Amino acid sequence: MTVLILGGTGEARALAEHLQSDGSVFVSSLAGRVRDPRLPVGEVRIGGFGGVEGLVNYLLDKPIRSVVDATHPFAAGISANAAAACAAAGVPLVRLARPGWAGTPGADAWTWVNGHDEAAAVAATGDRVFLSTGRQTLDRFVGPLARHETLVRVVDPLDIEVPDPWTVLHTRGPYTLEGERNLMRERDIDTLVTKDSGGSYTRAKLDAAAELGVRVIVVRRPAVPEGVDTVATVAAAASWVQRR
């Protein structure tokens with residue numbers, strides 16, 4: 001039977017490599033929201049399942065013996081569907097979530113908010129804003145920041161119109177401390193808005209902000225669905241898979 005990795009993250013790709021080296025049978029599933037995603041080793045499927053019912057059918061038809069939800073920490077909809085579908089199908093599920101930044105040096109100086117609407121309201125008290133929250137939630141910021149000089153950094157082209165004072169930068173991490181420092185200096189950024197993604201890929205912007213005295217607004221992570229076990233490392237996820 002097959003292990004299903006709900007992926008799209010560096011942890012998911014690393015887990016695929018680990019399982020391949022162990023000789024495990026697995027398939028990685030990507031949501032298909034990124035135009036040119038980094039693909040993991042092994043079998044890959046791209047696209048949604050058709051909600052909870054579609055995922056239940058997939059789990060039973062494949063059949064799937066266990067599921068590792070290694071999606072982005074903010075992929076709350078996918079995680080909720082996985083929890084509901086696995087419970088309905090009787091398939092073991094674990095959440096692989098990289099540690100967030102809450103416990104890291106300097107985090108107590110940041111402004112922590114509970115959602116993107118709150119982040120937008122707080123950011124509007126600044127002048128020159130750097131948005132690094134991803135393209136899917138940009139609509140929450142358009143109104144509050146319509147007259148602000150705002151730098152938006154995204155991987156793929158936007159599907160919404162942005163205000164004239166905004167600048168859109170298309171690029172993909174990982175980013176360096178020097179690069180982030182130079183970017184914020186050149187744009188004279190006074191407010192950075194991000195989300196608690198964790199990991200090292202995008203950590204440099206937080207360190208650069210600390211050096212430059214830039215205010216940091218961080219959106220807290222959504223809660224893991226109730227009853228779902230969580231592991232923080234690829235090794236722990238691989239060990240969990242082997243026990244199932």
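The values are calculated or read from the model by the stated rules, or taken from the named source; none is laboratory data. Bear in mind the structure is a predicted one, so any value in this text is a computation, not a measurement. Quick reminder, even Gly has a Cβ in these numbers, built from the backbone with ideal geometry, and neighbours come from all protein chains shown. With ligands, DNA and RNA removed, areas are computed over all heavy atoms of the protein, side chains included. Shrake-Rupley method; radii C 1.70, N 1.55, O 1.52, S 1.80 Å.
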In whole angstrom, how far apart do the alpha carbon centroids of segment 1-52 and segment 65-113 sit?
16 Å
Gain in span if fully extended, Ala109 to Asp229, counting 0.36 nm per residue against the direct Cα distance:
40.2 nm
I need the Debye-formula profile for segment 1-68: one equal scatterer per C-alpha, no solvent, reported as log10 I(q)/I(0) at q = 0.20, 0.22, 0.28 1/Å, two decimals.
-0.79, -0.93, -1.32
Of all the accessible heavy-atom surface of segment 1-56, with the other protein chains kept in place and a 1.4 Å probe, what percent is carbon and sulfur?
48 percent
Cut-off under 5 Å, modelled amide H: who pairs with Gly100 long-range:
none
Considering only protein heavy atoms, what per residue accessible area in square angstrom results for the chain with a 1.4 angstrom probe?
47 Å²
Note on segment 98-190: alpha-carbon gyration tensor, axes a ≥ b ≥ c; rule is a/c under 1.5 for rounded, else prolate if a/b larger than b/c, else oblate; result rounded
Pick out which of Glu180, Glu226, Glu118 has the largest mean-square fluctuation in a Gaussian network model of the chain, springs linking Cα atoms closer than 10 Å.
Glu226
Mind giving me the FRET efficiency for Thr2 and Val34? R0 is 30 Å, r the Cβ-Cβ distance, nearest 0.05 is fine.
0.80
So for R0 = 41 Å, FRET eff. of Glu118-Asp22 from the Cβ-Cβ r, to 0.05, ends up at 0.40
Hey, what number do you get for the chain at 222 nm if only DSSP H runs of n ≥ 4 count, each worth -39500 (n - 2.57), divided across all residues, to the nearest 500?
-9500 deg cm²/dmol
Estimated FRET transfer efficiency (Arg172, Ile46; beta-carbon r; R0 22 Å; 0.05):
0.75
Starting from the Cα of Tyr201, move 7 Å in the Cα-to-Cβ direction to define the label point; list residues of segment 71-94 whose amide nitrogen is under 13 Å from there.
71-75
